[in-house]
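The values are calculated or read from the model by the stated rules, or taken from the named source; none is laboratory data. Just so we're clear, the structure is a prediction, and the values are computed from it rather than from any experiment. Ideal geometry is used to build each Cβ from the backbone, glycine not excepted, and the neighbour counts take in all protein chains shown.
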Amino acid sequence: MPELPEVEVVKRSLKNNIINLNIKKVTINTNKLRYKINKSKFNKIKDIKILDIKRRSKYLLIKLEKNITILAHLGMTGKFFILDKTGTRKKTSFYYRLNNNDKKHNHLIFNLNKGKKLIYNDVRKFGFIKIIASKNISTHPHLKFLGPEPLLKQFNIKYIQNYIQNKNRNIKDILMDQKFVSGLGNIYVNEILFLSKIKPNKRTKNLNIGEMKKIIYFTKSILKKSIKEGGSSIKDFNDSEGKQGVFQQQFNVYGREGEKCTTGKCDKVIKKMVISQRATFFCKSCQK
DNA sequence: TTCTTTGTTCCGGA
DNA sequence: GTCCGGAACAAAGA
């Protein structure tokens, strides 16, 4: 369930660990992830240096020399981790929920110089990795229609007002729509609407300015907080020793069906229902 | 065996 | 043509 903050955390970790290394060889252990893997394209990235790592929405962009970019999406359970030359997993923050012995789901292995390996592991294979031309990134089908990054200034009141004009959708649906704003998933949208005190099935035409302001404020603040904490939408975040992380405890509504409302001013219980095809948690009393 | 989980895409009806 | 909601899809664990 990596959403924007988790992908950002992975990006930063990779940036600290593999930039300026060369790709020596790529071992591919599966025919397809979300999409069929084009093995011949991966064969062409031998002896090419990793220049930079970027993020757009929930996509990772590993920029290589020679106008090549590795485009990766983690899907539900995709993760990257790094092994050093002794085969020890590097102590970085981005390999949650990973069993050391789980070689079965190590689908791609990038052998780098200095004996390092970058491994893509994905239990459910809903993620994907593609090789694309760097110069075509903004027009690539996966990226072309993405809405603004929620942490940038383009995500503001005027933008929201303009976008929802003449639309009759519920606010949860539109926040999860990557064309409207890119990078939010089910978990963060549940949290944003709880903090904004707006019911998830509220029609966007019934939102007032104050509510839009709250959505913007809490979207930005919760994403920033989560990035700072190292990514929190992972249910069972483990550190390198396998100890459970503290972050999964910090959701206010997600996964809290039947528990007392966490505002502290309300004695009602968190309800769960399906809205926009996804598990939706909310407080009937606090969210209007 | 069925249900659940996710982001993304596609399709039918209005 | 456009908008909206629902279904489908991927894989695996409970």
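The table that follows gives values for the structure above.
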read-out: Sole residue being within 30 Å of A:Lys39 (Cβ to Cβ) and more than 13 Å from DNA strand B (Cβ to nearest atom), chosen from A:Ser138, A:Ser221; value: A:Ser138
read-out: Single unsatisfied condition, A:Ile131 versus (1) surrounded by fewer than 19 Cβ atoms within 10 Å (Cβ to Cβ); (2) part of a strand (DSSP E or B); value: (1)
read-out: Every pair of residues 6+ apart whose Cβ atoms lie under 7 Å, when the first sits in the stretch A:201-214 and is at negative phi while the second is of a type in the set (D, E, K, R) and within 16 Å of DNA strand B (Cβ to nearest atom); value: A:Asn201/A:Lys172; A:Thr204/A:Lys167; A:Thr204/A:Arg169
read-out: Residue in the stretch A:231-243 that is closer than 17 Å to A:Pro2 by Cβ, among the polar types (S, T, N, Q), surrounded by fewer than 16 Cβ atoms within 10 Å (Cβ to Cβ) and at pLDDT below 95 present; value: yes
read-out: Test: A:Leu195 is within 16 Å of the chain's Cα centre (by Cα), modelled with pLDDT of 85 or more and of a type in the set (A, V, I, L, M, F, W, C); value: no
read-out: Any hit, the stretch A:6-22, residues being part of a strand (DSSP E or B) and either touching a residue at least 40 places away in the same chain (Cβ under 8 Å) or not basic (Lys, Arg) (or both); value: yes
read-out: Residues within the stretch A:258-286 that are among the hydrophobic types (A, V, I, L, M, F, W, C), part of a loop (DSSP other than H, G, I, E, B) and within 11 Å of DNA strand B (Cβ to nearest atom), tallied; value: 0
read-out: Filter result (outside any helix (DSSP H, G or I) and either within 16 Å of DNA strand B (Cβ to nearest atom) or surrounded by 13 or more Cβ atoms within 10 Å (Cβ to Cβ) (or both)) within the stretch A:153-176; value: A:Phe155, A:Asn156, A:Asn166, A:Lys167, A:Asn168, A:Arg169, A:Asn170
read-out: Test: A:Arg34 is touching a His at 6+ places or on another chain (Cβ under 8 Å), surrounded by fewer than 21 Cβ atoms within 10 Å (Cβ to Cβ), outside any helix (DSSP H, G or I) and in contact (Cβ under 8 Å) with a residue 12 or more places away in the chain; value: yes
read-out: Some residue of the stretch A:112-122 being among the aliphatic types (A, V, I, L, M), within 22 Å of A:Ile62 (Cα to Cα) and either touching a Ser or Thr at 6+ places or on another chain (Cβ under 9 Å) or assigned by TED's automatic domain parsing to the domain that holds A:Lys220 (or both); value: no
read-out: Cβ pairs under 7 Å, 6+ apart, first in the stretch A:52-69 and outside any strand (DSSP E or B), second among the charged types (D, E, K, R) and away from DNA strand B (no atom under 12 Å from the Cβ); value: A:Glu65/A:Lys49; A:Asn67/A:Lys135
